[in-house]
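A short write-up of the structure that comes next.
Each value in this text was obtained by applying a stated rule to the coordinates, not by laboratory testing. Here the structure is a predicted model, which means the values were calculated and not measured. For neighbour counting, all protein chains shown are included, and Cβ atoms are generated from backbone atoms with ideal geometry for every residue, glycine included.
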Amino acid sequence: MIESLDPRITREEIDENSVFSDLKELDQFETYEVFHQKKRGQQHSHVGIVHAPNAEMALLYAKEQFARRGQTCNLWVVKTQHVFATDYDDSDIFETTEEKIYRDPGTYKVMDRIKAYKEKNNLS
Amino acid sequence: MYGNADIDPNLKIHSIVADEDPIKLAAFEARIAAADKIEPRDWMPKEYRRQLIRMIEQHAHSEIIGALPEGTWITRAPGFRRKLALMAKVQDEVGHAQLLYSAAETLGKTREAMINDLISGKSKYSNIFNYPAPTWADSAVIAWLVDAGAIINQTTNAKGSYGPYVRALERICYEESFHLKYGHDNVVHLATGTAVQRISVQKAINRWWPPLMHFFGPPDSISEHSVILMRWKVKMASNEDMRQQFMDMYVPKIWDLGLTLPDPKLSKNKETGLWEYTEPDWAEFKRVINGDGPCNKERLAVRKMAEEKGRWVRHALLRKDAEYVTPLA
Ligand SMILES: [Fe+2]
Ligand SMILES: [Fe+2]
C-alpha cells in the first residue's frame, strides 16, 4: 500500500502493484472541435478540442476548458469527424490570380480621369 | 525535462533526414525559416513528428502529474481564499494537460496510448514532481518557483514552429500568470510573517532548490541533432540558457525577501553576466528520473487509480457507433 504525506492518499489504500490493463481505443471517447464566441455579434472561433462521449458532455467540458477565464457568451461543439477541410497542399486554390484584380477596390482609379476631364473642359 | 526536447548527441543530420524527400524537406525548412507555422496535415519530416510527440506528451504528463503535489494541499489550505485559489490553479494544470494531449494527438498518437505509456513508465514527466510537498510552505514555493520555471520554458517553446503546440502554449502562459502571482503572494506572506513562518518557507526553499536546478535538464551537448532541432524550431533555447534566465529573474527576488539559497557558490559573474553555481547532482537527477525518487511510485499509483476507478463510468458512457478521428488543429 502507498504511504503518503497526504492523508487522503493513504486513506485510499492504493495498491501500487495492482495490474493495469491498458486503455483501449476510444476509452477516452471521440473528439469534438470547440468554437467560442466572446460577445454577441462577434464570430465564433475555433479554440481547441475536447474528448467526450456525446455532444452535451462535450459542451460541459468545453465550458470547463475554454470558458474559465475572460468572457464567453456562447459555445459550439462539432464532432471532429464531421469537419471537412481543404488540404494545405492545395492552398494555391486560394491565390488571387492577376486577371481577378477587378475584385480589388484599389484598382479602380477614377479621380485621375475626372481631373483630366475637368482640366480639358475648363470645368474647375 | 519539462517540455524541452531531449537530444541524442550521436545522431547525425544525414541519418536523421536520410529517407526524406529533399524537395519537400527544403520547402518545409523554408516555411519554418519564414516564421510560418506547421499545421497537423502539412508534410513534416519523421524526426520532427517523433520529437514533437515526445516533447508535447511529456509536457502533458508533467501538467497532470504536477497537479498532484499541490492538489494534496487543497483540503489543508490555510483559509478559504487560499483554498479557492489553489483549487483554481490545480484545475488549470489539469486543463493544461488536456490542451497538450490534444496538441500531441494532432500528430497521430491517441490519448489512450499516451496515458498507457505514462502508467507503464515508458514516457516520462518533469522530474521535479517526484519530490514531496511536506508543508504548506512547499506548496507556496512550488506555485511560485516551479511555475516560474515552467513559464520560462513555455514562453520559450511558444515561439516554436508547430501550430497546435504554440496555440496551446499561448493559452497556458496566459493562465500561468495567475499561478505565479498566487505563489509569490503566498511566499511573501510567509517570509514577512512570524519567525515560525519564515523558518518554514526557508526550509521549503532549501528543499526545492536542488530540484529547481535540475528542472531545465543538464547542459546540452552541441550535436548535429540539437542543431537540426533548433533549426526546425522544436527546441528553442538551450537548457543552460533557460536556467540562467530563471536565476536572473528569481534569485534576486528570493534574496530580496532576506531568504537564502543553499548554494555557497551562487553568484552572478559581473564580467560574463552569467550565474555561477555548484554543479547540480546529475547522477541523482538520472536516478530519480529512472524511477528511484521519493514520490515516483506514489505519483504513478495515484494516476493509475484515477484511470481504473473511472473506467466503469467511461464504459457506461461509451456509444457503440463512436468512431475515432485524429483532431484537426
Ligand atoms: Fe501548467
Ligand atoms: Fe502553473
- Under the span-like rule (Cα at least 18 Å along the axis, Kyte-Doolittle mean at least -1.0), DSSP H helices of chain B: B:46-71, B:80-105, B:163-191, B:195-214
- Task: Could you give me the radius of gyration and the Dmax of chain B, taking only the C-alpha atoms into account and expressing both in angstrom?
- Result: 20.6, 67
- Starting from the range B:216-275, pick out the GluC sites (Glu not before Pro) whose DSSP state is loop and whose Cβ has at most 16 other Cβ atoms within 10 Å. B:271
- Task: For chain B, with a Gaussian network of springs between Cα atoms less than 10 Å apart, report the residue from B:269, B:296, B:116 with the top mean-square fluctuation.
- Result: B:269
- Relative contact order (percent, whole number), chain B, Cα cutoff 8 Å, 6+ residue spacing: 25
- Could you give the dipole magnitude of the protein assembly as shown about its Cα centre, charging the beta-carbon of Lys and Arg +1 and that of Asp and Glu -1, in debye to the nearest 20? 1620
- Message: Please list, ordered by chain and number, the residues whose modelled amide H lies under 5 Å from the amide H of residue B:126; skip anything fewer than 5 residues away on the same chain.
- Response: B:62
- Item | Selected from B:182, B:136, B:103, residue furthest toward positive end of dipole (the range B:84-210; charges at beta carbon) | B:136
- Item | In the range B:17-125, lysine pairs with alpha-carbon atoms under 16 angstrom apart (chain gap of 8 or more, or interchain) | 5
- Query: Under a point spin-label approximation (7 Å from Cα along Cα-to-Cβ), what is the residue A:13-residue A:74 distance to one decimal in nm?
  - Reply: 5.3
- Message: Rounding to the nearest 10 and keeping the result within 0 to 90°, find how far the Cα-based axis of helix A:55-66 lies from the longest principal axis of chain A.
- Response: 80
- Query: With springs only between Cα atoms under 10 Å, which of B:121, B:66, B:160 fluctuates most in a Gaussian network model of chain B?
  - Reply: B:121
- Cut-off 15 Å between beta-carbons: net charge of the residues surrounding residue A:22, Lys and Arg +1, Asp and Glu -1: +2
- Task: Measure out, as a whole number of angstrom, how far apart the alpha-carbon centroids of the range B:45-59 and the range A:21-78 sit.
- Result: 25
- Query: Amide H to amide H, which residues 5 or more places from residue A:30 or on other chains are under 5 Å from it, using H placed in the peptide plane?
  - Reply: A:52
- Run down the lysines and flag those whose C-alpha is under 18 Å from the C-alpha of residue A:38, throwing out any fewer than 8 positions away in its chain. A:63
- Message: Can you give me the angle between helix A:111-120 and the longest principal axis of chain A, using Cα atoms only, in degrees from 0 to 90, rounded to the nearest 10?
- Response: 10
- Only helical DSSP H runs with n ≥ 4 go in: add -39500 (n - 2.57) per run for chain A, normalise by residue count and round the 222 nm mean residue ellipticity to 500 deg cm²/dmol. -6000 deg cm²/dmol
- Message: If I build a Gaussian network model for chain B, linking alpha-carbon pairs within less than 10 angstrom, which residue out of B:297, B:265, B:309 has the largest mean-square fluctuation?
- Response: B:309
- Item | the range B:275-325 versus the range B:141-179: alpha-carbon centroid distance in Å | 20
- Task: Give me a single rounded figure for B:169-182: the average over its residues of other chain Cβ atoms within 10 Å of their Cβ.
- Result: 1
- Item | Local electrostatic count, residue B:230, Cβ distance below 15 Å [Lys/Arg +1, Asp/Glu -1] | -4
- Query: So which GluC sites (Glu not before Pro) in the range B:1-73 are both in a DSSP loop and have at most 13 other Cβ atoms within 10 Å of their Cβ?
  - Reply: none
- Net charge of neighbours whose Cβ lies under 10 Å from the Cβ of residue B:217, counting Lys and Arg as +1 and Asp and Glu as -1: -2
